[in-house]
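The values are calculated or read from the model by the stated rules, or taken from the named source; none is laboratory data. Bear in mind the structure is a predicted one, so any value in this text is a computation, not a measurement. Note that each Cβ is placed from the backbone with ideal geometry, even for glycine, and that neighbours are counted across all protein chains shown. Accessible surface is based on the protein model in full, side chains and every heavy atom, while ligands, DNA and RNA are left aside. Shrake-Rupley method; radii C 1.70, N 1.55, O 1.52, S 1.80 Å.
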Amino acid sequence: MEEEQKYIRRAISLAKRGLGWVNPNPMVGAVIVRNGRIIGEGYHEFFGGPHAEVNAILHAQESVRGATLYVTLEPCSHEGKTAPCTDLIISKGIRKVVIGMKDPNPLVNGNGIQILTDAGIEVSTGIEQALVCKMNEVFIKYIVTGKPFCTLKTAMTLDGKIATVENASRWISCGESRRYVHELRQQYSAVMVGVNTILYDDPLLNTRRARKKSKDPLKVIVDSSGKIPSGSQVLKMNPQLTIIATTGKMEIPKIRELERMGAQVLVCPQKDEKVDLGYLMVSLGKMGVDSVLLEGGSTIAFSALAEGIVDKVISFVAPKIIGGAGAPSPVGGRGLSSMEDAIGLEEFHFRKIGSDLLIEGYIRSDNRKMENGE
């Protein structure tokens with residue numbers, strides 16, 4: 001068992017190299033071992049590319065016949081962008097396959113294990129399953145529900161403000177925290193903000209990582225009535241990556257103007273006279289968006305929490321005090337009337353990043369809406 005754990009952990013470390021590049025596929029790593037020696041390694045490097053098992057076999061230093069394959073996720077058994085990995089494993093004569101977790105994808109979900117077993121290959125499953133699940137929390141949420149995994153990111157002062165009374169917000173968090181946000185953007189398929197963030201800050205919402213290859217996420221702007229200025233930076237820089245989520249309150253000429261600029265306009269139903277965020281999440285999921293980093297502002301943050309679309313919270317707390325009764329806080333909206341209704345976090349932890357404190361946790365399961373809407 002210890003040997004299996006060791007090699008699955010190595011496979012996990014390989015899998016994480018695909019972070020941000022394989023969405024909406026899972027991160028997967030594979031290690032091939034013979035007589036206590038690693039003879040091949042690989043991971044899923046980019047969406048549409050060869051799977052981890054294929055790369056491990058291709059990079060093997062010798063024949064893999066009779067060897068043991070350690071892989072973080074159940075090998076696929078269906079034809080997709082690539083051929084089934086189970087066919088290759090069988091044809092190469094691998095003796096044993098050790099799997100971190102069963103693939104929750106309904107197209108696989110045990111079929112790969114069954115095919116390998118039927119072919120006479122010894123299969124062991126559930127090795128370091130908790131670590132694999134944690135690594136692929138985005139994929140698991142998306143493949144099971146069809147909805148994106150949503151993380152609410154906030155940055156505030158010690159007295160709970162995200163801007164001054166004059167709406168000045170640059171910079172609350174330190175340089176190290178801001179650089180980490182760009183690492184987060186690299187990991188998520190889309191960044192989402194409310195239109196007020198565009199009006200006040202005019203952000204680029206792209207990914208900037210020094211000396212690292214980066215990809216820009218989709219930029220989702222929630223704008224119920226068409227307030228977004230045509231000169232906004234998100235419309236100047238790669239407008240084809242911008243989705244404006246709006247309602248019937250946006251006038252047709254404004255919609256046509258945005259579309260001429262290259263942006264996509266998604267007209268959603270209204271809920272409390274705003275964009276129905278539940279509908280928006282379902283729509284993004286159908287577009288292949290598996291993850292959303294919600295960066296504010298305070299009004300949309302409350303709506304997202306109230307609607308139950310938030311899975312995780314990442315909050316930066318800066319050792320600064322600015323005061324102001326009218327200065328905005330990370331979560332605004334109508335608020336909750338009693339402490340009993342407060343939305344709690346679980347599995348949370350803290351760490352220092354630069355001069356800031358980073359708090360990370362998950363919305364408690366009893367605070368989330370049921371998938372059936374109850």
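Note that the range 289-348 presents 45 Å² accessible area per residue, ligands and nucleic acids not counted, probe 1.4 Å. The equivalent ellipsoid of the range 174-289 has semi-axes of 25, 15, 13 Å, largest first, where each one is the square root of 5 times an eigenvalue of the Cα gyration tensor.
Quick one: divide the alpha-carbon radius of gyration of the chain by 2.2 N^0.38 Å and tell me what you get.
Working: Rg = 22.8 Å, N = 374, 2.2 N^0.38 = 20.9 Å.
So the Cα radius of gyration is 1.09 times the expected 2.2 N^0.38 Å.
For the range 1-128, the square roots a ≥ b ≥ c of the C-alpha gyration tensor eigenvalues yield an a/c under 1.5, which makes the shape rounded. Across the range 84-101, computed HN-Hα scalar couplings (Karplus, 6.51 cos²θ - 1.76 cosθ + 1.60, θ = phi - 60°) run x, 5, 4, 4, 5, 4, 5, 5, 8, x, 5, 7, 9, 10, 10, 10, x, 8 Hz from first to last residue, x flagging Gly and Pro.
Applying the Karplus relation 6.51 cos²θ - 1.76 cosθ + 1.60 with θ = phi - 60° to the range 201-214 yields 3J(HN,Hα) values of 10, 6, x, 7, 6, 9, 10, 10, 10, 4, 6, 10, 5, 9 Hz, where x marks Gly and Pro. Amide H contacts of residue 275: 224, each under 5 Å away and 5 or more positions distant or on a separate chain (H built 1.01 Å from N in the peptide plane; Pro and chain starts excluded).
Among 76, 63, 14, whose Cα projects farthest towards the positive end of the dipole of the range 1-141, with charges put on the beta-carbon of Lys, Arg (+1) and Asp, Glu (-1)? Going by the Cα projections, it comes out as 14.
Computed about the Cα centre, the dipole magnitude for the range 1-141 is approximately 280 debye when only Lys and Arg (+1) and Asp and Glu (-1) carry charge, each at its Cβ. Backbone amide hydrogens, once placed in the peptide plane, bring residue 72 within less than 5 Å of 29, 100, excluding anything fewer than 5 places away on its chain. Across the protein chains, with a 1.4 Å probe defining accessible surface, the residues 251, 3, 137 rank 251, 3, 137 from largest area downward.
What order do you get for 199-211, 61-73 when each peptide is scored by the mean count of other beta carbon atoms within 10 Å, highest first?
Details: 199-211: 15.1, 61-73: 21.1.
Per-residue mean Cβ counts within 10 Å order the peptides as 61-73, 199-211.
Each residue of the range 256-268 is assigned a 3J(HN,Hα), and the resulting list reads 5, 4, 5, 5, 5, 6, x, 7, 9, 9, 10, 8, 10 Hz, derived from the Karplus form 6.51 cos²θ - 1.76 cosθ + 1.60 (θ = phi - 60°), x at Gly and Pro. With helices as the sole contributors, the chain gives -8000 deg cm²/dmol at 222 nm; each DSSP H run of n ≥ 4 counts as -39500 (n - 2.57), and the sum is divided by every residue. Filter the cross-link list 147/254; 236/312; 102/147 down to pairs whose alpha-carbon distance in this structure exceeds 23 Å. Result: 147/254; 236/312 exceed 23 Å.
At 1.4 Å probe size, with the rest of the protein present, what percent of the exposed accessible area of the chain is carbon and sulfur atoms?
Values: 9000 of 17610 Å².
Answer for the chain: carbon and sulfur cover 51 percent of the accessible area.
A Förster distance of 25 Å, applied to the separation of the beta-carbon atoms of residue 209 and residue 282, puts the FRET efficiency at 0.20. In the context of the full set of protein chains, residues of the range 90-179 present 47 Å² of accessible surface per residue (probe radius 1.4 Å, heavy atoms only).
Among bridges DSSP assigns within the range 1-104, what percent are antiparallel (round to 5)? Bridges in the range 1-104 are about 65 percent antiparallel.
Against the main long axis of the alpha-carbon atoms of the chain, helix 298-307 sits at an angle near 50°. Protein-only accessible surface at a 1.4 angstrom probe places the residues 162, 8 in the order 162, 8, largest first.
Treating r as the C-beta distance of residue 347 and residue 62 and R0 as 45 Å, the FRET efficiency rounds to 0.60.
By the equivalent-ellipsoid construction on the alpha carbon gyration tensor, the range 267-361 comes out with semi-axes of 26, 18, 14 Å, ordered largest to smallest.
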